Amino acid sequence: MLNVYGVPLSPFVRKVHWALAHKGIEYNAIPTMPGDSSPEFRAISPLGKIPVLQDGDFSVPDSSIILRYLESKYPETPLYPQDPELAAQVCWLEEYADTNLVQACAVFFRERLINPKMMNKPTDEDAIADAQNNLIPPLLDYLESVVQEEGYFIGDALSVADLGITSAFVNAQYGGYSVDASTHPRLAAYLARAMQSPLVKDQLAKEEQMLKSFG
């Protein structure tokens, strides 16, 4: 059986969990914090990052590479479109989500959940204000301009674009942030649909147990 090293509150680990669930692949979740310095973990994740997928004697880090591996090995329930142009678009949107969007959403997650409830640190309201007013608005504007009015983010089936974008916003939601439907109606409607999908709801129910331990 496959092993996935990481913690489910990571947007990148969550992506891999969703991909495996979508493809109907059983796996073991191995709790591992980012930066784990144990020799065993560094042997499969030289940068100390999560997630890492282990498949027998083979292992590979990085969520995007893991998803490509899973697609190649288990193509029956695809996450990448056959059309080359559409496939390039969903890969770009995944990259967009994994970089700037995750970084902006992480501010809310860190300052309103991790720091006060896990690290016993005060919330940095200036950092939240900067994210709210400067970091996230242009990202929302772009996503609003490309998201579909109905169905999935792009295309006619679930893709890595949906996994990456939705996962980033889950972390923002944990930090008390939500997209304003009055300024970004199509994006807000898409996220409402995504959050109600069985795939997302099942994963968030599992994460809820971890969140309860934070108080």
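The values are calculated or read from the model by the stated rules, or taken from the named source; none is laboratory data. Model, not experiment: these values are computed from the prediction. Neighbour counts are summed over all protein chains in view; Cβ atoms, including those assigned to glycine, are modelled from backbone coordinates with ideal geometry.
Data for the structure
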item	result
Contacts under 6 angstrom Cβ, first residue in region 173-194 being in contact (Cβ under 8 Å) with a residue 60 or more places away in the chain, partner surrounded by 13 or more Cβ atoms within 10 Å (Cβ to Cβ) and among the charged types (D, E, K, R), 6 or more apart	175/112; 176/112
Search result, residues across region 7-34 that are assigned to a strand (DSSP E or B) and among the hydrophobic types (A, V, I, L, M, F, W, C)	29, 30
Which listed residue is crowded, with 17+ Cβ neighbours inside 10 Å, out of contact with any helix residue (DSSP H, G or I) (no Cβ under 9 Å at 6 or more places or on another chain) and outside the structural domain of residue 160 (by TED's automatic domain parsing), from 45, 63, 38	45
Failed condition for residue 98, given (1) acidic (Asp, Glu); (2) surrounded by 19 or more Cβ atoms within 10 Å (Cβ to Cβ); (3) free of Cβ contacts under 8 Å to residues at least 40 places away in the same chain	(3)
Residues satisfying the stated conditions in region 70-95, i.e. buried (at least 16 other Cβ atoms within 10 Å of the Cβ) and within 16 Å of residue 12 (Cβ to Cβ)	70, 79, 91, 93, 94
Residues that are in a helix (DSSP H, G or I) and not basic (Lys, Arg), drawn from region 35-61	39, 40, 41, 43, 44
Yes/no for residue 4 being outside any loop (DSSP other than H, G, I, E, B), touching a Gly at 6+ places or on another chain (Cβ under 9 Å) and either buried (at least 21 other Cβ atoms within 10 Å of the Cβ) or modelled with pLDDT of 95 or more (or both)	no
Elements of type helices (runs of 4 or more DSSP H) contained in region 157-212, each with 1 or more residues being modelled with pLDDT of 95 or more, assigned by TED's automatic domain parsing to the domain that holds residue 91 and within 12 Å of the chain's Cα centre (by Cα)	160-174, 198-212
Residue under evaluation residue 114, criteria (1) β-branched (Val, Ile, Thr); (2) in contact with a strand residue (DSSP E or B) (Cβ under 6 Å, 6 or more places away or on another chain); (3) assigned by TED's automatic domain parsing to the domain that holds residue 168, criterion not met	(2)
Residues satisfying the stated conditions in region 57-74, i.e. within 15 Å of residue 20 (Cα to Cα) and hydroxyl-bearing (Ser, Thr, Tyr)	63, 64, 69, 72, 74
